[in-house]
Amino acid sequence: MEYLEILTRLGIATLVGGAIGLNRDLHGKPTGIRTLGIVGLGAALIVIASLNFDLAEGPDRNAVSRVVQGVITGIGFLGAGVIFRQADTNQVQGLTTAACIWLTAAIGIVCGVAAWRLLLVGFPLVFLVLILGGPAERAIHRWRDRWDQRRS
């Protein structure tokens, strides 16, 4: 798979996940651009990595698939351990950290199947989402607050 195809697939998964996260954030839900952008990116990484299993070199595709499934499920439980709700404010915390744990497992899988092009495109997207996601959410909240004040 060529770099442009990888960038398109990962980029769209990240953008769509981020857009869904923005919708959830604007509706007061505990997820946001970063959390769901990372989940979309991680899922796309895993699927594309599974397409890169090279059967000619000998690995049993079914065995590798079972390992991938086990890793993703197990890491999901690990990530759930960092999510908590604050009793005094009823706010959920740790979702982005849990998503990062899960994405790190996805990156490990990508490395394990030697999908280097996928890693070279996906890894910078992780940092774009993490660095720009929070400021984008805050800017959109400020814009929405100003819009609401004008309408009142």
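Any residue at all in the stretch 108-117 that's over 16 Å from residue 43 (Cβ atoms), aliphatic (A, V, I, L, M) and outside any helix (DSSP H, G or I)? Yes, the stretch 108-117 contains at least one residue that is over 16 Å from residue 43 (Cβ atoms), aliphatic (A, V, I, L, M) and outside any helix (DSSP H, G or I). Only one entry of 67, 47, 71 meets the criterion of being closer than 15 Å to residue 11 by Cα and either outside any helix (DSSP H, G or I) or of a type outside the set (Gly, Ala, Ser) (or both), and that entry is 47. The residue that is surrounded by the fewest Cβ atoms within 10 Å (Cβ to Cβ), among those in the stretch 21-33 that are out of contact with any Asp or Glu (no Cβ under 8 Å at 6 or more places or on another chain) and under 20 Å from residue 101 (Cα atoms), is 30.
Residues in the stretch 1-11 that are in a helix (DSSP H, G or I) and in contact (Cβ under 8 Å) with a residue 12 or more places away in the chain were compared, and the one that is nearest to residue 144 (Cα to Cα) is 11.
Among residues that are surrounded by 15 or more Cβ atoms within 10 Å (Cβ to Cβ), β-branched (Val, Ile, Thr) and modelled with pLDDT under 80, residue 68 is included. Of the residues making up the stretch 102-152, just one is among the aliphatic types (A, V, I, L, M), exposed (fewer than 15 other Cβ atoms within 10 Å of the Cβ) and at pLDDT below 85, namely 114.
Taking the criterion of being hydrophobic (A, V, I, L, M, F, W, C), farther than 26 Å from residue 2 by Cα and in contact with a strand residue (DSSP E or B) (Cβ under 7 Å, 6 or more places away or on another chain), would at least one residue in the stretch 96-107 satisfy it? Within the stretch 96-107, none of the residues are hydrophobic (A, V, I, L, M, F, W, C), farther than 26 Å from residue 2 by Cα and in contact with a strand residue (DSSP E or B) (Cβ under 7 Å, 6 or more places away or on another chain).
May I ask you to list the residues in the stretch 20-44 that are closer than 20 Å to residue 144 by Cβ, assigned to a helix (DSSP H, G or I), touching a residue at least 12 places away in the same chain (Cβ under 8 Å) and not basic (Lys, Arg)? Result: 20, 21, 22, 25, 26, 33, 35, 36, 37. Residues in the stretch 21-31 that are modelled with pLDDT of 85 or more and within 12 Å of the chain's Cα centre (by Cα): 21 alone.
The values are calculated or read from the model by the stated rules, or taken from the named source; none is laboratory data. If you're wondering where the values come from, they're calculated on a predicted model, not measured in any experiment. Reconstructed Cβ throughout: ideal geometry from the backbone, glycine too, with neighbour counts over all protein chains shown.
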